[in-house]
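Structure first, then comments.
The values are calculated or read from the model by the stated rules, or taken from the named source; none is laboratory data. These numbers were taken from a predicted model, which means no experiment stands behind them. Quick reminder, even Gly has a Cβ in these numbers, built from the backbone with ideal geometry, and neighbours come from all protein chains shown.
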């Protein structure tokens, strides 16, 4: 079986994509995202067990869920590193869908009030 010997330049080329710090910056970023999402989730649990059911409680849950979703998309799908036009082309339809859902919930509730 023949062995393949790489030149020093070929060996260096294969290791150019390895971070110098061994990935410490990526691990730090992952821990930061984990802590932020954990704090938001802990706040959601606090609200869930302390507030009585109301429209305000539902609005807080929906708002925090949207915040977590945007943060996850920005961090893990790398949207925050994209050009602004791409971000807006994704964000504007999402805003309209949220507006549509809110309008449908409010109008759907008025059916019961009309009777």
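Pairs linking a residue in region 44-64 that is outside the structural domain of residue 94 (by TED's automatic domain parsing) to a residue that is outside any helix (DSSP H, G or I), with Cβ atoms under 7 Å and 6 or more positions apart or on different chains, are 57/51. With respect to the stated conditions, residue 69 fails to be assigned to a helix (DSSP H, G or I), at pLDDT below 85, under 17 Å from the mean Cα position of the chain (by Cα) and in the same structural domain as residue 38 (by TED's automatic domain parsing).
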